[in-house]
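Visitor: I am attaching a structure below and will ask some questions about it afterwards.
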Amino acid sequence: MHKHRGLVLRHVPYRDHRYMLYLWTRESGPLSFAVYASRSTPGMLRSGQLRPLQELELVTAGASSSQVQRVREMYPVPPVMGDLKGLQLVAYALVAEWLASVLAEGQNEATYYDEFSAQLAEGYRRSDTLAVVAECLAGLSRHLGFAPDPLLYQSGFLLDGQSGSWVSPVSDSSETPWRMGAVSCALYAEALGGRLRSEQNVAEFLNDLATYFQVHLTGFRRPRYLALLLTS
């Protein structure tokens, strides 16, 4: 038997009472698990009880090196997320989908997992859901190594997508394929520097941040939930 701790990225039902569970685990990065959970199965959660980014503890059977491990026991880790509705559901599903797109299987840093989990747990206690999401994803860009230095930001500056540095709005942009606009840049610097003071224009910033990820990460897929967030 093996124990795992991880955040729910997605789950896919495939048979009666069975589903595939994809977690970002603290020990090994993203991993896949096979779950059987009927009403009479003790110590398990059915797929309808899972929430995006809920932290779980799992006990699995079989070899830890197998590609898909079978779950024997499953427990939510406090704080347990209640029913997510509307904007909250879309926002947390967006972060889960975004993480699934950038985290490489088998690669992980436990310290960043702990940092992200603590940030998420603090976010559960806040009502400004979009601001929490923006702070988490800004932190992810820092972890991946292409976030600009918030201490070098000046009001009105733009972000050069290719170099990842702040630039004056009057500087030559003829050789730059994309720059993040001034409003989103102000929010980016604020999110990197601590806590956003408002949710105003955050959805537009997340749209720009997805473009910035596309510039730096080959194969990055714009999350489907981003379109829902922009129209909600």
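Visitor: So for each of 194-201, 206-213 I average, over its residues, the number of other beta carbons within 10 Å; can you give me the resulting order with the highest mean first?
Guide: Per-residue mean Cβ counts within 10 Å order the peptides as 206-213, 194-201.
Visitor: Using only the Cα atoms of the chain, each taken as one equal point scatterer with no solvent, compute I(q) by the Debye sum, divide by I(0), and report log10 of the ratio at q = 0.12, 0.14 Å⁻¹.
Guide: Here the Debye-derived log intensity ratios amount to -0.69, -0.89.
Visitor: Next up: Determine the shape class of the range 22-77: with a ≥ b ≥ c the square roots of the Cα gyration tensor eigenvalues, call it rounded for a/c under 1.5, and otherwise prolate if a/b is greater than b/c, oblate otherwise.
Guide: Oblate, because a/c is 1.5 or more while a/b does not exceed b/c.
Visitor: With only alpha-carbon atoms in the gyration tensor, what are the semi-axes of the equivalent ellipsoid for the range 1-139, in Å, largest first?
Guide: 24, 18, 13
Visitor: Send over a whole-number figure in Å² for the accessible area per residue of the chain, probe 1.4 Å.
Guide: Solvent-accessible surface per residue comes out at 51 Å².
Visitor: Also, quick follow-up: Summarise the accessible area of the range 141-232 (1.4 Å probe, protein heavy atoms) by the percent that is carbon and sulfur.
Guide: Answer for the range 141-232 is 49 percent, counting heavy atoms of protein chains only.
Visitor: Specify whether the C-alpha gyration tensor of the range 135-232 places it in the rounded, prolate or oblate class, a ≥ b ≥ c being the square roots of the eigenvalues: rounded for a/c under 1.5, otherwise prolate if a/b is larger than b/c and oblate if not. Spell out each step's value before the answer.
Guide: Numbers: a/c = 1.44, a/b = 1.18, b/c = 1.22.
Verdict is rounded for the range 135-232.
Visitor: So, one more: Counting Lys +1, Arg +1, Asp -1, Glu -1, what net charge surrounds VAL132 among other residues with beta carbon under 10 Å of its beta carbon?
Guide: Once positives and negatives cancel, what remains is -1.
Visitor: Moving to a separate point now. Could you tell me how many degrees, from 0 to 90 and to the nearest 10, lie between the Cα long axis of helix 129-144 and the main elongation axis, the longest principal axis, of the Cα atoms of the chain?
Guide: 80 degrees
Visitor: From the helices alone, meaning DSSP H stretches of at least four residues, give me the mean residue ellipticity at 222 nm for the chain, per-run term -39500 (n - 2.57), in deg cm²/dmol to the nearest 500. If you can, show how the numbers build up before the last one.
Guide: On the way: 6 runs with 83 residues, N = 232.
Computed ellipticity for the chain at 222 nm equals -11500 deg cm²/dmol.
Visitor: Another one. For SER184, what is the net charge nearby, where nearby means another residue's Cβ is under 12 Å from its Cβ and Lys, Arg count +1, Asp, Glu -1?
Guide: -2
Visitor: Right, another one. Note the angle between two axes, namely the Cα long axis of helix 110-124 and the longest principal axis of the Cα atoms of the chain, as a number of degrees from 0 to 90, rounded to the nearest 10.
Guide: 90 degrees
Visitor: Using only the alpha-carbon atoms, how far is helix 202-216 inclined from the longest principal axis of the chain? Give it as 0 to 90 degrees, nearest 10.
Guide: 90 degrees
The values are calculated or read from the model by the stated rules, or taken from the named source; none is laboratory data. These figures come from a predicted structure and were not determined experimentally. With ideal geometry, Cβ positions are generated from the backbone for all residues, glycine too; neighbour counts draw on all protein chains shown. With ligands, DNA and RNA removed, areas are computed over all heavy atoms of the protein, side chains included. Shrake-Rupley method; radii C 1.70, N 1.55, O 1.52, S 1.80 Å.
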